[in-house]
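Below is one structure; the comments refer to it alone.
The values are calculated or read from the model by the stated rules, or taken from the named source; none is laboratory data. Please read all numbers here as calculations on a predicted model, not as lab measurements. FYI the Cβ positions are ideal-geometry reconstructions off the backbone, even for glycines, and counts take in every protein chain you see.
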Amino acid sequence: MQLVLEKRAERSTLIAVTSPLIAVALTLITFAILFAIMGKNPIEALYVYFIEPLTDPFTLQEIAVKATPLVMIAVGLALCYIANIWNIGAEGQFIVGAVCGSWLAVRTNGTDVGPWLLPVMLLLGAIGGALYGLIPAICRVYFGASEILTSLMLVYIANLGLDYMVRGPWRDPQGLNFPTTAAFDPAASIGTLFEGTGRLHAGSIIALFVVMLIAVLLGRTLMGFQIRLVGAAPRAARFSGFNADRLVLFSFAVSGALAGLAGIIEVAGPIGHLDPGVPSGYGFTAIIVAFLGRLNPIGILIAGLFLALTFIGGEGAQISLKVPLDLTKVFQGILLFYVLACDSMIVYRIRLLRTQKRVVPVHA
Amino acid sequence: MLDPSPASDPLRSAPLLSAVSISKRYGDFLANDGIDLDLFPAEIHALLGENGAGKSTLVKVMYGLIQPSGGELRWMGQKVVLSGPSEARNLGIGMVFQHFTLFENLNVAENVALGLPPTESFAAISERLRETARVYGLPLDPKREVWRLSVGERQRIEIVRALMQNPKLLILDEPTSVLTPQEADLLFVVLERLKAEGRAILYISHKLEEVKRLCDTATILRGGKKVATCNPRQETAASLARMMVGGEIGEVKAASGRDTLVPRLVIKNLSLEPDDPHGTRLEDVSLEVRGGEIVGIAGVAGNGQDELFAALSGERLAPGEGAIVIEGEGVGLLDVTQRRRMGAAFVPEERLGHGTAPRMKLSENALLTGHAASGMVKKGFIDKPATLAHVDRTTKSFDVRKAKRDPEAVSLSGGNLQKFVVGREILREPRVLVVSQPTWGVDAGAAATIRQALLDLAARGAAVLVISQDLDELAEVADRIAVMFHGQLSAPLKAAEATRERLGLLMGGANTERESTETETKHAVGA
């Protein structure tokens, strides 16, 4: 007997839809075993991780707050990944967006400039992220540099740039020498939606809007078709007359803009000021979200909420189960591993091969 | 090389390899249905059939690449189970594939050594390679890198590699599809010699004249079943074709009295460096294709046809706008989309991955070339019903058979996908059509449909340029034929003057009129 992977004649739509669910189920089983080995009750552990956060209105809102930047960045990344363009630097674009938007907030701090302030900040954040995303794109198109390396390295540059700004020119004079800007004025902040019950803010609504916008772009427009075609069959895309270079620039600009927008929303929303702790790995976690969501905007929305749940659940587990917070990262790693494994079942099927002839039963 | 005793057995009483009632099932599809076949020593046995008739499946079973679902193989009367190609090779079965399995950047000897068991030293293999090549008159330089070799030379590597294992049975899958007529003649000499040595040869082909000339026995498959085993020399090409197709193939007819005055596609002194290091440089290519005519470009693959197609379609830009003229306007610097908008259409050689995105639906593949000028896009948004309507029209006009209305391109058979790809362009009524290998790997029925569509398009006044390696195809459709060799294009010959002999010489690089007349004289004297 032999196990072989056999190519399917056509992609299995059923598996394409269920593969993330199978992956999640396998991850949960693996995780339960892991807890058992650690001497914890697996049922209780899974409950603390995945059910408890859903039972409390405050943590429910926290999940949405956490999911907002993840989803917004991940739908942008999905555009790139579908076109086989590897933007690994969303974290850097996130930071630059946060810094660009904050510039206006810091400049106008303490003055009343009018209701245009917040929208312009968001716009500046998106433009900053887009321009920063265009650097690796231009390096690839004009100099043939690998965008994987350049976009990743630009993350560190952005990080140091942020560090410089908050320790130097933008440091809050009343901040007791802490590296942080002054708290943003209310006019430069995104308010919470349900005062007093949690931190859910209008940025989550923007994220939903972005999801719909990208879904329409990918599914209904010629631009979206180009992106899908370049990823699926580059030679056919060239024959189709599409300019692959322009597409690299477009995808990086859009994903950079969305990451930058997520950055300024995070700063103007839940955080309320700029400090070196703003980048917390959303740009990297969003890569997992993009793939777990099958590079599909709606899928990414669900995946983003799910990953946010693991973050919040992990925090709860740290307190009540005394397990390390790093367990959340282990969980995310295992999950990505299973997603990729299950994905191969879309194009392949597993077959049992008998090398020996079957024994024919003798009829009496 | 081989014990010659089987050759002296005139009764050919014992078959070397017998396939007994071989069946192979893939899901609901029966690729082979109870096929019996006996291969005798010192015999060239043809396996004939259209694409999809089950030839490849049967051969893969005989070479141990796949396991039959039913039936058995007998080697010299003994039942055998071949669990893999190495077992087949150990028995004495060698195979030369249609698609070569060679590493471009390795040299000849390295490629051969990779296919042999690692028990022999590399020096010994090189020596044996040189010797085998010499004995059979298949000249090969063991030190030469494969990418420098012509397709004919690459095939020699495959044949020599198989012969170095001293096979009793050699299987060749469509060996002449990549050769010039002269190269094919050389191959036949080698095959006759192998036969005289007592080896059995299974020769897979769909070229009937070739089979009549070379083979002692022919087995014909259709739809996975064996139709007949016969002596091809006692059959006519027409009777063999009837058995293959199971009916008459529609004759392809050209319309008469076409108006061929307006030059619609003009190539003027086009020279172009290849963008791929293994590519071919185009040198001073000039050609004029007028409305109403079909011009053919013959030539062995790899002589610059791909580069010419890319330059004509706009996938690569020409050095100047005047190098390529469509409908009187210089388009050398315009991209594919702009050329399509001017009424040009293109069908590349490779259906999957170039002409279509394999994993995308047909409607999306209609959009792939239709987005430029077919009303499928409105203000940047895709008009999905319009793309589906184009699929439906193509399906109807070109008899594309598929399991559902809008399947993925990859799920269609080769012939049906090719009908879709050609039909997709022709239904746009282009004024200029450039098509490369229009019927490569396509069954006879689909090929006839496609060729007729090309003729009809020309009859409606379009200029059609057909790049093909198939001389029979060019003879059938083209009004004039030019030959590509080493990136240069010969002056076109009128179809009536373009004999196989003359084209073959041009394909081999003899590009002066004087040389070809001399050879013709020699042949005349010899005859």
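Is there any pair linking a residue in the stretch B:62-76 that is away from chain A (no Cβ under 11 Å) to one that is surrounded by 15 or more Cβ atoms within 10 Å (Cβ to Cβ) and part of a loop (DSSP other than H, G, I, E, B), with Cβ under 7 Å and at least six apart or on different chains, and which?
Within 7 Å, the pairs are B:Gly64/B:Leu82; B:Leu73/B:Leu82; B:Met76/B:Leu16.
Would you mind finding the one in A:Pro276, A:Pro297, A:Pro324 that is under 16 Å from the mean Cα position of the chain (by Cα) and of a type outside the set (S, T, N, Q)?
Answer to the selection: A:Pro297.
Within the stretch A:210-228, which residues are polar (S, T, N, Q) and buried (at least 21 other Cβ atoms within 10 Å of the Cβ)?
Within the stretch A:210-228, A:Gln226 is the sole residue that qualifies.
So which residues in the stretch A:239-263 are part of a loop (DSSP other than H, G, I, E, B) and among the charged types (D, E, K, R), if there are any at all?
The answer is none; no residue qualifies.
May I ask you to list the residues in the stretch B:263-282 that are of a type in the set (Val, Ile, Thr) and either assigned to a loop (DSSP other than H, G, I, E, B) or in contact with a His (Cβ under 8 Å, 6 or more places away or on another chain) (or both)?
Selection gives B:Thr280 alone.
Going residue by residue through the stretch B:402-422, is there one that turns out to be among the basic types (Lys, Arg) and over 25 Å from the mean Cα position of the chain (by Cα)?
yes
Would it be correct to say that A:Leu28 is surrounded by 13 or more Cβ atoms within 10 Å (Cβ to Cβ), free of Cβ contacts under 8 Å to residues at least 60 places away in the same chain and more than 30 Å from A:Thr192 (Cα to Cα)?
Yes.
Quick check on the stretch A:225-236: of everything there that is within 8 Å of chain B (Cβ to nearest Cβ) and in contact with a Leu (Cβ under 8 Å, 6 or more places away or on another chain), which residue is nearest to A:Val96 (Cα to Cα)?
A:Arg228
Among the residues in the stretch B:440-447, are any touching a residue at least 12 places away in the same chain (Cβ under 8 Å), within 14 Å of another protein chain (Cβ to nearest Cβ) and either buried (at least 21 other Cβ atoms within 10 Å of the Cβ) or not in a helix (DSSP H, G or I) (or both)?
no
Can you tell me which residue is nearest to A:Trp86 (Cα to Cα) among those in the stretch A:237-251 that are within 8 Å of chain B (Cβ to nearest Cβ) and not hydrophobic (A, V, I, L, M, F, W, C)?
A:Asn243
The rows are residues; the columns are (1) in the same structural domain as A:Val106 (by TED's automatic domain parsing); (2) crowded, with 16+ Cβ neighbours inside 10 Å; (3) modelled with pLDDT under 95; (4) not aromatic (Phe, Trp, Tyr).
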{"residue": "A:Thr197", "(1), (2), (3), (4)": "yes, no, yes, yes"}
{"residue": "A:Leu208", "(1), (2), (3), (4)": "yes, no, no, yes"}
{"residue": "A:Val230", "(1), (2), (3), (4)": "yes, yes, yes, yes"}
{"residue": "A:Pro234", "(1), (2), (3), (4)": "yes, yes, yes, yes"}
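Considering the stretch B:465-505 alone, what residues qualify as being of a type in the set (Val, Ile, Thr) and either in a strand (DSSP E or B) or on the phi > 0 side of the Ramachandran plot (or both)?
Of everything in the stretch B:465-505, those that are of a type in the set (Val, Ile, Thr) and either in a strand (DSSP E or B) or on the phi > 0 side of the Ramachandran plot (or both) turn out to be B:Val466, B:Ile467, B:Ile481, B:Val483.
A quick yes/no check of all residues on (1) of a type in the set (A, V, I, L, M); (2) touching a residue at least 60 places away in the same chain (Cβ under 8 Å); (3) buried (at least 17 other Cβ atoms within 10 Å of the Cβ):
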{"position": "B:Leu179", "(1), (2), (3)": "yes, yes, yes"}
{"position": "B:Gln182", "(1), (2), (3)": "no, yes, no"}
{"position": "B:Tyr203", "(1), (2), (3)": "no, yes, yes"}
{"position": "B:Lys212", "(1), (2), (3)": "no, no, yes"}
{"position": "B:Arg222", "(1), (2), (3)": "no, yes, yes"}
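Going through the stretch B:293-317 one residue at a time, which ones are surrounded by 22 or more Cβ atoms within 10 Å (Cβ to Cβ) and on the phi > 0 side of the Ramachandran plot?
B:Gly299, B:Gly304, B:Gly314
For the stretch B:375-413, give me each residue that is buried (at least 18 other Cβ atoms within 10 Å of the Cβ), polar (S, T, N, Q) and within 14 Å of chain A (Cβ to nearest Cβ).
B:Thr387, B:Ser411
Tell me which residues, restricted to the stretch A:23-69, are in contact with a Phe, Trp or Tyr (Cβ under 7 Å, 6 or more places away or on another chain) and over 19 Å from A:Leu327 (Cα atoms).
Passing the criteria: only A:Pro69.
Can you name the residue in the stretch B:449-502 that is under 23 Å from B:Thr394 (Cα atoms) and basic (Lys, Arg) and, of all such residues, is surrounded by the fewest Cβ atoms within 10 Å (Cβ to Cβ)?
Ranking the candidates gives B:Arg460 first.
Name the pairs whose Cβ atoms lie under 7 Å apart, with the first residue in the stretch B:291-316 and away from chain A (no Cβ under 14 Å) and in contact (Cβ under 8 Å) with a residue 24 or more places away in the chain, the second aliphatic (A, V, I, L, M) and assigned to a loop (DSSP other than H, G, I, E, B), and 6 or more positions between them or separate chains?
Listed by first residue and then by second, the contacts come to B:Gly291/B:Val262; B:Gly291/B:Ala462; B:Ile294/B:Ala478; B:Val295/B:Ala478; B:Gly296/B:Ala478.
I'd like the residue in the stretch B:362-374 that is under 31 Å from the mean Cα position of the chain (by Cα) and more than 10 Å from every other protein chain (Cβ to nearest Cβ) and, out of all such residues, is nearest to A:Ala215 (Cα to Cα).
Top of the filtered list is B:Ser363.
As an exercise: evaluate A:Ser280 against (1) part of a helix (DSSP H, G or I); (2) among the small types (Gly, Ala, Ser); (3) more than 20 Å from B:Gly370 (Cβ to Cβ) and give the number of the one condition it does not meet.
(1)
Does the stretch B:368-399 hold any residues that are under 17 Å from B:Leu412 (Cβ atoms) and touching a helix residue (DSSP H, G or I) at 6+ places or on another chain (Cβ under 7 Å), and which are they?
Correct list: B:Leu368, B:Thr369, B:Thr387, B:Leu388, B:His390, B:Val391, B:Thr394, B:Ser397, B:Phe398, B:Asp399.
Can you name every one of the strands (runs of 3 or more DSSP E) wholly within the stretch B:25-76 that holds 1 or more residues which are within 22 Å of B:Lys207 (Cα to Cα) and aliphatic (A, V, I, L, M)?
B:29-39, B:43-48
I want to confirm something. Restricting to the stretch A:106-155 and keeping residues that are small (Gly, Ala, Ser) and buried (at least 21 other Cβ atoms within 10 Å of the Cβ), which single residue is farthest from A:Ala187 (Cα to Cα)?
The residue in question is A:Ala137.
For the stretch B:86-95, which positions are aliphatic (A, V, I, L, M) and surrounded by fewer than 21 Cβ atoms within 10 Å (Cβ to Cβ)?
Once the filter is applied, which keeps residues that are aliphatic (A, V, I, L, M) and surrounded by fewer than 21 Cβ atoms within 10 Å (Cβ to Cβ), the stretch B:86-95 yields only B:Leu91.
I need every pair where a residue in the stretch B:117-130 that is more than 20 Å from B:Ser86 (Cβ to Cβ) has its Cβ under 6 Å from the Cβ of a residue that is charged (D, E, K, R) and assigned to a loop (DSSP other than H, G, I, E, B), sequence separation at least 6 or different chains.
none
What are the residue pairs meeting all of these: first residue in the stretch A:250-273, first residue of a type in the set (S, T, N, Q), second residue not in a helix (DSSP H, G or I), Cβ atoms under 7 Å, and 6 or more apart or on different chains?
A:Ser251/A:Ala83; A:Ser251/A:Ile85; A:Ser255/A:Asn87
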